[in-house]
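**Q** Have a look at the structure that comes next, please.
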Amino acid sequence: MLVIKNKAKLLQALRDYLWIIVGSFITALAINIFLVPHRIAPGGVTGIATVIFYLSNELVPVGTLMLLLNIPLFIFGIKIIGRRFIVRTLFSTIFLSAVIDIAEPFTRWFISQLELENLAAGPDYLLYAIFGGFFMGLGLGLVFRSGATTGGTDLAAQIVHRVVPALTVGKALLLIDGAVIVFAAIAFNSILLALYSMLALYISTKLVDIILEGINFAKGVYIISDHAEEIADNIMRELDRGVTALNGTGMYTRSDKKVLFCVVHRGQLPLLKSLVKKTDQAAFLILHEVTEVLGEGFKTYE
């Protein structure tokens, strides 16, 4: 039994490191192809490294600069978060920095093709910001889900998220990286590039949240009615959804009521509303977004 358990842990660790490699590789391509060549600095150590790279006349490669800038954050982070997290983050940070520098000569051809197609109109910064933000968010999200970061403000955001769980990783990144974008705008003397950087940052952070927390594919529903039992039976029979009854008290009438709660897919909302209306037109129906649902009928536990 112990051997099987250890084997399962080893396989899980291998899967995590595989996703860290894939996520870091995608992030590196986003940085090399869409962001750094066009001075789009979407916050973080990547943004700071981009600014230093151009201010130093491209003397030190971006990947190397990112690795050097991460050293102080690792010293600080290792005192706050676990050793397992730091080991994985150290691996992903070194791997990302190496891939950025190694792949840079190979990505020049792809960049030249993009520039050749846009020679007449000039660089399409909007397109670069959108695709750069998308692929960077995709890569970072895969790394985060594997229990690591790529260092920099990604590491700082994980620390903030652990201290303040209500603040998602994506929102923490948005707050921290905003200051870096301001710095880049001043260094490049360009408000336009800062706006494109903000767009790339927004897209990447939203994608990180989607990958970590899921897409809003479900709705939570509260139903307050004097015919709670009949409505619950109809929902369970017609929608095949579980319903939970909560005890409540109407403060105006001072009478006890049953408050029903259930979670349904978006596509089931019209039928749910129809069932409630058919049973009790005076019922209160309260809907709210549900980020992620784990359990039978929805997403399985990983």
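Values quoted throughout were computed directly from the atomic coordinates according to the rules given, and no laboratory measurement underlies them. These figures come from a predicted structure and were not determined experimentally. Every residue, glycine among them, receives a Cβ derived from its backbone with ideal geometry; neighbour counts consider all protein chains shown.
**Q** Of Ile31, Leu59, Leu73, whose Cα points farthest to the positive end of the dipole of region 1-80 (charges on the beta-carbon: +1 Lys, Arg; -1 Asp, Glu; origin at the Cα centre)?
**A** Leu73
**Q** If you take the beta carbon distance between Asp240 and Arg15 as r and set R0 to 30 Å, what does 1/(1 + (r/R0)^6) give as a FRET efficiency, to the nearest 0.05?
**A** Details: r = 33 Å, r/R0 = 1.09.
The pair Asp240/Arg15 has a calculated efficiency of 0.40.
**Q** Please compute the Kirkwood hydrodynamic radius of region 218-290 from all pairs of different C-alpha atoms, in Å with one decimal.
**A** Details: mean 1/r = 0.0816 Å⁻¹.
For region 218-290, the Kirkwood estimate is 12.3 Å.
**Q** Still on this structure, please answer the following. Sort region 13-112 into rounded, prolate or oblate with this rule: let a ≥ b ≥ c be the square roots of the eigenvalues of the Cα gyration tensor; rounded if a/c is under 1.5, and if a/c is not under 1.5, prolate when a/b is larger than b/c, oblate otherwise. Mind showing how you got there, number by number?
**A** Working: a/c = 2.52, a/b = 1.42, b/c = 1.78.
Taking the square roots of the gyration eigenvalues as a ≥ b ≥ c, region 13-112 is oblate.
**Q** Now for a separate question. I'd like the antiparallel share, as a percent to the nearest 5, of DSSP beta bridges with both residues in the chain.
**A** Values: 22 of 23 bridges.
Looking only at bridges with both residues in the chain, the antiparallel portion is about 95 percent.
**Q** Let me ask you something else. Can you tell me the dipole magnitude for the chain around its Cα centre, using point charges on the Cβ only (Lys, Arg +1; Asp, Glu -1), in Debye to the nearest 20?
**A** Details: 25 positive and 23 negative charges, 167 e Å.
Here the chain has a charge dipole of around 800 debye.
**Q** Assigning unit charges at the beta carbon (Lys, Arg +1; Asp, Glu -1) and nothing else, what dipole magnitude in debye, to the nearest 20, does region 218-290 show about its Cα centre?
**A** Details: 10 positive and 9 negative charges, 43 e Å.
Roughly 200 debye, rounded to the nearest 20.
**Q** A further question follows. Provide the per-residue ³J(HN,Hα) series for region 203-210, in order, calculated from phi with Karplus coefficients 6.51, -1.76, 1.60 and θ = phi - 60°, each as a whole number of Hz, with x at glycine and proline positions.
**A** 4, 5, 5, 5, 5, 4, 4, 5
**Q** Right, another one. Calculate for the chain the 222 nm mean residue ellipticity that helices alone would give, adding -39,500 (n - 2.57) per DSSP H run of length 4 or more and normalising by residue count, nearest 500 deg cm²/dmol.
**A** Calculated mean residue ellipticity at 222 nm is -21500 deg cm²/dmol.
**Q** Can you give the relative contact order of the chain as a percent, counting alpha carbon pairs under 8 Å and 6+ residues apart?
**A** So the answer I get is 20 percent.
**Q** A further question on this structure: Taking only Cα atoms and a 10 Å spring cutoff, compute GNM fluctuations for the chain and point out the largest among Thr168, Thr27, Thr150.
**A** Thr168
**Q** Moving on to the next point. For region 131-276, would you read off the P(r) tail past 17 Å as a percentage of all alpha carbon pairs? Kindly include the intermediate steps, with their values, before the conclusion.
**A** Details: 7408 of 10585 pairs.
Cα-Cα pairs of region 131-276 separated by over 17 Å account for 70 percent.
**Q** Which is farthest toward the positive dipole end of the chain among Gly47, Met136, Gln268, measuring Cα position about the Cα centre, with Cβ charges +1 (Lys, Arg) and -1 (Asp, Glu)?
**A** Checked the options; the winner is Gln268.
**Q** Take the eigenvalues of the Cα gyration tensor for the chain, scale each by 5, and report the square roots as semi-axes in whole Å, largest first.
**A** 46, 24, 18
**Q** Hey, another quick one. Calculate, for Asn189 and Leu59, the FRET efficiency according to 1/(1 + (r/R0)^6) with r their C-beta to C-beta distance and R0 30 Å; round to the nearest 0.05. Can you show the working numbers first?
**A** On the way: r = 20 Å, r/R0 = 0.67.
According to the calculation, E is roughly 0.90.
**Q** If packing is taken as the average count of other Cβ atoms within 10 Å, what order do 56-65, 203-212, 134-143 fall into, highest mean first? Don't jump to the answer; show the numbers that get you there.
**A** Numbers: 56-65: 15.2, 203-212: 21.7, 134-143: 25.5.
Packing order, densest peptide first, comes out as 134-143, 203-212, 56-65.
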